[in-house]
């Protein structure tokens, strides 16, 4: 198989959460960290050694350039060339050995499963474990571009496991309800942390499914399988099982959205997916039946046929995580505890890049997002911060052909739900504090409503997210020393906030006055200017700041801050003098650094 484009990070906010969860995953001992001992029952007791696998994944992500900032600040150092070479050799040996043994074990157990009339929850658990093993190995092999001969086989394991889960989805649901009922009766469902937060205790099979979605999505994206020009599937042979997955997906979504007010278009879409013909159309197989693999290159419309096959292959790669997320969402609804939909939301955020190619997202992804973020079965809906992250990620990756229309429709559906919001998540790192500014969707500005609140008006929604990001950023950075590449992160966020400022002014032409969101943008730039000045006064990390970066930041400050407005205070931008190499300050409006800092703190506190 060909090697494709290197792995690109879905989003550092999600990546940081993934790192934390992986550490917890190991600490909780959800799986034995040793492969099953050789012997008669070896195939039925196979366990992937997770400690080493997750170590290789984290190191591989660092080598791929996705450095995750430590919670205490600063980036993780990359291995030297020699260390990187040794790491690659170790990872290649590990991947080849465990791909072979996992596939051998799975095929043996699959033969046993096909003889069963019905599955118990233990069998379903084992299927989800294999799904997780295959997804993790797919991600690992992609990071190191090794063991590529196993890529198709690992995807085949994921497909086979999904067929088992899809065929007896009702049986899985019934078994899960019985299991959760027993857990409630023994008061063992929820454990409490010292700070009062809640989490599910040892929900092992569903943790496997959650992280299978994350690793599968990253593995597919890392191998570049969405751009793969060679067929990964036998289109005719896989048409029936994949069609069954689509119909099961539609059934679960209908069940989860029962009682909600859906548009006629959404109802028609779900009704279409529930039929064999509609499922085949969604998979892009309408024209494939007339095309055989032997005459593709002999046809006059070769490019059209190849595009059709390419689209169908992408849809087959998409329906697998869609099916898993539907099952995970239904399980979350059974739990009914606060923030029980967090695993499904995290999985969805990681799967978004799978929908940015020709086979873009459609109503299926939009309805799945509704199930995760404001389900009818929950007394609470997702916070505005979480909805903002979802919309901004979809907007950034361009997953919808009519991007703004679909995203606006999704935001309006969230606004119409008359339920209190969950508590907004807080950032846990300085990088996350900067990322929060980039997780504010511009498409929200197209929603105009009254009154001016985050639940009815798009600009008010953006204003709330901006204010929340600014307050958290101020709180997080006020007690932290500058971290590696902070100025670069600040500049990226400043560019985005400036583009948001332009969008606010553009959409505000129809309004009577400048909205409150503009004032928060200005406060953000003043705070950014103070932070840049503070970094320079500390005399650290100045070498990472180029004059061109500072000049660009200076231009952004000039562009955003309204000149000539009474009471307006200009930005404070450091500059390096050529004679001494030291940093000075250019303060507009005649205000020195100390007064400007006090002003910013006062402004943030009373805004």
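The values are calculated or read from the model by the stated rules, or taken from the named source; none is laboratory data. On a predicted model such as this, the values are computed, not experimentally measured, just so you know. Glycine gets a Cβ as well: all are built from the backbone with ideal geometry, and neighbour counts include every protein chain shown.
Could you tell me whether residue 355 is touching a strand residue (DSSP E or B) at 6+ places or on another chain (Cβ under 6 Å) and over 14 Å from residue 217 (Cα atoms)? Answer is no for this residue. Residues that are at pLDDT 85 or above, assigned to a helix (DSSP H, G or I) and surrounded by fewer than 13 Cβ atoms within 10 Å (Cβ to Cβ) are absent from region 295-307. Mind checking which residues of region 379-392 are out of contact with any strand residue (DSSP E or B) (no Cβ under 8 Å at 6 or more places or on another chain) and surrounded by fewer than 20 Cβ atoms within 10 Å (Cβ to Cβ)? Within region 379-392, just 379 meets the criteria.
Scanning region 407-431 for residues that are surrounded by fewer than 20 Cβ atoms within 10 Å (Cβ to Cβ) and assigned to a helix (DSSP H, G or I) yields 408, 409, 412, 416. Considering only region 478-489, state which residues are surrounded by 20 or more Cβ atoms within 10 Å (Cβ to Cβ) and closer than 25 Å to residue 383 by Cβ. Within region 478-489, 489 is the sole residue that qualifies.
If you filter region 104-142 down to residues that are in contact (Cβ under 8 Å) with a residue 12 or more places away in the chain and outside any helix (DSSP H, G or I), you find that the one that is farthest from residue 88 (Cα to Cα) is 118.
Listed here are the residues, each with its yes/no results for (1) at pLDDT below 95; (2) out of contact with any helix residue (DSSP H, G or I) (no Cβ under 8 Å at 6 or more places or on another chain); (3) under 25 Å from residue 376 (Cα atoms).
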| residue | (1), (2), (3) |
| --- | --- |
| 430 | yes, no, no |
| 437 | no, no, no |
| 441 | no, no, yes |
| 446 | yes, no, no |
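Taking first residues from region 76-91 that are under 14 Å from residue 52 (Cα atoms) and partners that are modelled with pLDDT of 75 or more and part of a helix (DSSP H, G or I), the Cβ contacts under 7 Å between residues at least 6 apart in sequence or on separate chains come to 87/59; 88/144; 91/56; 91/60; 91/140; 91/144. For residue 324, the conditions (1) over 23 Å from residue 406 (Cβ atoms); (2) modelled with pLDDT of 95 or more all hold with the exception of (1).
To keep it simple, each residue is scored yes or no on (1) in contact (Cβ under 8 Å) with a residue 40 or more places away in the chain; (2) more than 11 Å from residue 253 (Cα to Cα); (3) more than 15 Å from the chain's Cα centre (by Cα).
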| residue | (1), (2), (3) |
| --- | --- |
| 327 | yes, no, yes |
| 333 | yes, yes, yes |
| 342 | no, yes, no |
| 346 | yes, yes, no |
| 359 | yes, yes, yes |
| 364 | yes, no, yes |
| 370 | yes, no, yes |
| 374 | yes, yes, yes |
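Candidates in region 217-247 are the residues that are part of a helix (DSSP H, G or I) and free of Cβ contacts under 8 Å to residues at least 40 places away in the same chain; of these, the one that is surrounded by the fewest Cβ atoms within 10 Å (Cβ to Cβ) is 240.
For the structure I just gave you, tell me whether residue 118 is out of contact with any strand residue (DSSP E or B) (no Cβ under 8 Å at 6 or more places or on another chain) and either exposed (fewer than 15 other Cβ atoms within 10 Å of the Cβ) or more than 30 Å from residue 231 (Cα to Cα) (or both). In short, yes. Scan region 466-481 and give yes if some residue there is within 22 Å of residue 342 (Cα to Cα), at pLDDT 95 or above and in a loop (DSSP other than H, G, I, E, B), otherwise no. Looking through region 466-481, none of the residues is within 22 Å of residue 342 (Cα to Cα), at pLDDT 95 or above and in a loop (DSSP other than H, G, I, E, B). Residue 212 falls short of the stated requirement of being in a helix (DSSP H, G or I), surrounded by 17 or more Cβ atoms within 10 Å (Cβ to Cβ), in the same structural domain as residue 277 (by TED's automatic domain parsing) and in contact with a helix residue (DSSP H, G or I) (Cβ under 7 Å, 6 or more places away or on another chain).
Scanning region 248-271 for residues that are free of Cβ contacts under 8 Å to residues at least 24 places away in the same chain and under 24 Å from residue 233 (Cα atoms) yields a count of 0.
So for region 163-171 (the condition being at pLDDT 90 or above, more than 25 Å from the chain's Cα centre (by Cα), in the same structural domain as residue 50 (by TED's automatic domain parsing) and part of a loop (DSSP other than H, G, I, E, B)), does at least one residue qualify? Taking every residue of region 163-171 in turn, at least one turns out to be at pLDDT 90 or above, more than 25 Å from the chain's Cα centre (by Cα), in the same structural domain as residue 50 (by TED's automatic domain parsing) and part of a loop (DSSP other than H, G, I, E, B). For region 321-337, the criterion of being more than 21 Å from residue 247 (Cα to Cα), assigned by TED's automatic domain parsing to the domain that holds residue 273 and not in a helix (DSSP H, G or I) is met by at least one residue.
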